[in-house]
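Reviewing the structure listed below.
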Amino acid sequence: EGQGGIIMSIIKCNPQEWDRITAFLDAVPDIGAMDADTLKQYRRETEQTIRDLDALEPGSQTSEAYELWADLHEDLEDVLDEILDCLEDLGQA
């Protein structure tokens, strides 16, 4: 079936959310260049995006759809970790 079919089956569930999350990850700015207020706002947006993705979790943990979901989740958590590291460096954590 290939990944195209799997992505299509996920997209059928909620295409707007899936596209929005992918677009969010595609548009991650230079986190290291942000000031504390911008970092805090971006942290809130990232945490909300993770919650949105949680709501789209595929039922079967052995499916390829779940692997794609887990990869997106990991990417979002990496972004969040980077934001938190920068806030910590600024003494804002």
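The values are calculated or read from the model by the stated rules, or taken from the named source; none is laboratory data. Just so it is clear, the model here is predicted, and its values are computed rather than measured. Using ideal geometry, Cβ is built from the backbone for each residue, glycine included, and neighbour counts are taken over all protein chains shown. Areas reflect the complete protein model, heavy atoms only, side chains present, ligands, DNA and RNA absent. Shrake-Rupley method; radii C 1.70, N 1.55, O 1.52, S 1.80 Å.
Data overview
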quantity: Percent carbon-and-sulfur accessible area, the stretch 34-93, ignoring ligands, DNA and RNA, probe 1.4 Å; calculated: 41
quantity: Estimated inter-spin distance, E74 and I50, nm [label 7 Å along Cα→Cβ]; calculated: 1.6
quantity: Full-stretch length increase - A36, T62 - with 0.36 nm per residue and alpha-carbon distance subtracted; calculated: 5.4 nm
